[in-house]
Amino acid sequence: MAVLPILKYPEPLLKKEAAPVLEITDEIKQLARDMIQTMYDAPGSGLAAPQVGRGLRLIVVEASTPEEVGKSLAVVNPVIISAKGEITFEEGCLSVIEYTAKVDRAAEVVIRGLNLEGRPLEIEASGRLAVVFQHEIDHLDGILFIDRISSLKRDLYRRKLKRILKNQEKNQEG
Ligand code: K1U
Ligand code: ZN
């Protein structure tokens, strides 16, 4: 298993729509394992293949209940088949540095997809897990949580990011 580098906004690959996985090969299974390790290493509670530079419809999520810590789940070609209710949740993203913001999402979702054995999966999620699934599936459509906040907040974040990157450059120059 390997920890993969995570692409950071404004990397253009993060804005692209990902392609369906046509066959669950050993390479896809290895990618899913590496994504799980990368998610735990970050640490994060989810990860989508485009975040590690692979334009494929594959996500992993940390699906633990308080009783079961460290239970992760990989979903191939995930689709939201139903959504209801509303929740406002403070989101972060491993690809969006030094920023969190409140985002409105559906409070309960049902996700369909395939597991790594190619068997159909149906997952009912609510609360934080529902938010993480929606956030990860957005990544597959090239959507970041900062695309779901006001343009004013997004502009403020872009300015903040410019300052951060400028300072990073300065510090690297010595
Ligand atoms: O897609 C991602 O970048 C992962 C993202 C998932 C997410 C979390 C919370 C709300 C919406 C989406 C993250 O994991 S952000 C970091 C995070 O949640 C975390 C940080 C420290 C410990 C555990 C989790
Ligand atoms: Zn994210």
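The values are calculated or read from the model by the stated rules, or taken from the named source; none is laboratory data. On a predicted model such as this, the values are computed, not experimentally measured, just so you know. Methodologically, a virtual Cβ is constructed for each residue, glycine included, from the backbone with ideal geometry; neighbour enumeration extends over all protein chains shown. In case anyone asks, the SASA skips ligands and DNA or RNA and just uses the protein heavy atoms, side chains included. Shrake-Rupley method; radii C 1.70, N 1.55, O 1.52, S 1.80 Å.
In the range 77-133, which residues are of a type in the set (D, E, K, R) and closer than 20 Å to residue 146 by Cβ?
86, 90, 91, 98, 102, 104, 105, 128
Taking only pairs six or more apart or across chains, which ones have beta-carbon atoms under 9 Å, a first residue in the range 1-19 that is without any contact (Cβ under 8 Å) to a residue 40 or more places away in the chain and more than 16 Å from residue 140 (Cβ to Cβ), and a second residue that is within 15 Å of ligand 2 (Cβ to nearest atom) and assigned to a loop (DSSP other than H, G, I, E, B)?
Listed by first residue and then by second, the contacts come to 3/42.
Mind checking which residues of the range 19-48 are more than 16 Å from ligand 1 (Cβ to nearest atom) and part of a loop (DSSP other than H, G, I, E, B)? It would help to see each step written out before you state the result.
So in the range 19-48, the residues more than 16 Å from ligand 1 (Cβ to nearest atom) come out as 19-30, 33.
Those that are more than 16 Å from ligand 1 (Cβ to nearest atom) and part of a loop (DSSP other than H, G, I, E, B): 20, 21, 22, 23, 24, 25.
Would you tally the residues in the range 24-33 being buried (at least 19 other Cβ atoms within 10 Å of the Cβ) and free of Cβ contacts under 8 Å to residues at least 40 places away in the same chain?
Final tally of qualifying residues: 1.
Does residue 46 satisfy the criteria of being closer than 18 Å to residue 1 by Cβ, in contact with an Asp or Glu (Cβ under 8 Å, 6 or more places away or on another chain) and within 16 Å of ligand 2 (Cβ to nearest atom)?
Yes.
If I ask for residues that are within 18 Å of residue 9 (Cα to Cα) and within 12 Å of ligand 1 (Cβ to nearest atom), which ones from the range 49-81 would you list?
Matches in the range 49-81: 49, 50, 51, 52.
Six or more apart or on different chains, Cβ atoms under 7 Å: show the pairs whose first residue is in the range 156-174 and under 17 Å from residue 100 (Cα atoms) and open to solvent by less than 100 Å² (accessible area, probe 1.4 Å) and whose second is in a helix (DSSP H, G or I) and of a type outside the set (Ser, Thr, Tyr).
157/146
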